[in-house]
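These notes concern the structure reproduced below.
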Amino acid sequence: MIVKSDSTDQSLGLLLKGEKAVGNLNALIQYSCDGALEKFKSTLASHICYLAGVVNACILSPKASLLDLEGSLRYLLLYVTKQAELFGRIHYYFEDEEYYSVQAGTMLYNLMVSKLAAALKYDGFNEAYLRIDYDKIGAGAGTTVSKTIGNTSISLYVDPEVVHDRTRKIFLVKVGFDITNITDPDAWFGFILVDAKAEKKSHVIGARNQGGDRMRKQFTMELPEGSVDNHMQADIIGIVQGRFRMPSLNKKGVTKIPVYTGEAQLRVQPFFTKVKVKQ
């Protein structure tokens, strides 16, 4: 049972409009625009702890025993608002360290604030809502993995910003390969993209080196809606095949230049942190 004092609403109003609360919300907005998604998530966690401290200080009962993130979520969602299902959803959001979604974090936080407003019967929680323009959200750095083929270095990059074509029921994903330390001017590389969830792969796209020591290739991959889960995560494999001359010394110390053939598979499970909708 929630027990308030005569000054509870006044205290809540002062703290929710205070410098600390307003500063946290402004920082969250700025981090979302900058694409500083790790800072957004960590600051959101800190702000929830602050909000729990505000509620704990202003009401007589129930009182919190611990106000770290876990304790704050339990206090606000299990004891004050009695929202066990929402507790599970927000707990999952913070539990997955690789899950950076401004939209999801904002939606869950604002839902929690609305439940607090109802439980404490205080409309002034309007001051605590996080108001973010989703069109201005930065996508973040994306996901990159690297391997080697012979003496070359292969990197696979998946852009965190995607286009959702609802008419065709697909996501358009930008995938890039970066090959460095190419020593053979006539080297050949083949690229294959695999949708691991749908178990479908593209045909081989071949490219010959143009004499430099670096090759960059970017492709747009079409993923069906079923290959992107509810948390906007996909499972992508990039296969790079290489054929090039690679000098080596034999046992007699004589330089040989045999043709080297190899393959590297690079697997990523990126979260798409910004989605543009195409009707």
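The values are calculated or read from the model by the stated rules, or taken from the named source; none is laboratory data. Just so it is clear, the model here is predicted, and its values are computed rather than measured. Quick reminder, even Gly has a Cβ in these numbers, built from the backbone with ideal geometry, and neighbours come from all protein chains shown. Areas reflect the complete protein model, heavy atoms only, side chains present, ligands, DNA and RNA absent. Shrake-Rupley method; radii C 1.70, N 1.55, O 1.52, S 1.80 Å.
May I ask you to give the solvent-accessible area per residue for the chain, in square angstrom, as obtained with a 1.4 angstrom probe?
Normalised by residue count, the accessible surface of the chain is 53 Å².
Rounded to the nearest 20 debye, what is the charge dipole size of segment 1-89 about its Cα centre when +1 sits on each Lys and Arg Cβ and -1 on each Asp and Glu Cβ?
About 140 debye.
Taking a ≥ b ≥ c as the square roots of the Cα gyration tensor eigenvalues, with a/c under 1.5 meaning rounded and otherwise prolate when a/b beats b/c, else oblate, which class fits segment 1-145?
Taking the square roots of the gyration eigenvalues as a ≥ b ≥ c, segment 1-145 is prolate.
Can you give the charge dipole size of segment 136-184 about its Cα centre, rounded to the nearest 20 debye, using +1 on the beta carbon of Lys and Arg and -1 on the beta carbon of Asp and Glu?
340 debye
Please list 59-69, 233-243 highest first by mean number of surrounding beta-carbon atoms within 10 Å per residue.
233-243, 59-69
Choose one of VAL173, MET215, ALA119: the residue whose Cα lies farthest towards the positive end of the charge dipole of the chain (beta-carbon charges +1 Lys, Arg; -1 Asp, Glu; about the Cα centre).
MET215
Please work out how much length the chain gains when fully extended from GLU199 to ARG267, using 0.36 nm per residue of separation minus the C-alpha to C-alpha distance, in nm with one decimal.
Length gained, GLU199 through ARG267: 23.2 nm.
Using just the helices of the chain, give the 222 nm mean residue ellipticity in deg cm²/dmol: DSSP H runs with n ≥ 4 each add -39,500 (n - 2.57), and the total is spread over all residues, rounded to 500.
After summing the helix terms and dividing by residue count, I get -9500 deg cm²/dmol.
Rounded to the nearest 0.05, what FRET efficiency is calculated for ASP133 and GLU225 with R0 set to 35 Å and r the Cβ-Cβ distance?
The pair ASP133/GLU225 has a calculated efficiency of 0.85.
Can you pull the percent of segment 1-48's accessible area that's carbon plus sulfur, 1.4 Å probe, other chains left in place?
Reported share for carbon and sulfur atoms: 52 percent.
Give the carbon-plus-sulfur fraction of the accessible surface of segment 151-279 in %, rounded to a whole number; probe 1.4 Å, heavy atoms of protein chains only.
Here carbon and sulfur together make up 48 percent of the probe-accessible area.
Ignoring ligands, DNA and RNA, please state the percent of accessible area on segment 52-131 from carbon and sulfur, probe 1.4 Å.
52 percent
With volume of the Cα convex hull per residue in Å³ defined as stated, name the option among [x] 203; [y] 268; [z] 167 computed from the structure displayed.
Checking each listed value against the structure points to [z].
Compute the length gained on full extension between SER114 and ALA207: take 0.36 nm times their separation in residues and subtract their Cα-Cα distance, giving the result in nm to one decimal.
28.0 nm
Which value in nm describes the separation of the simple spin-label points at ILE237 and ILE2, placed 7 Å from the Cα toward the beta carbon?
Rounded to a tenth, the inter-label distance reads 5.2 nm.
How big is the dipole moment of the chain about its Cα centre under a simple scheme where the beta carbon of each Lys and Arg is +1, that of each Asp and Glu is -1, and everything else is neutral? Debye, nearest 20, please.
840 debye
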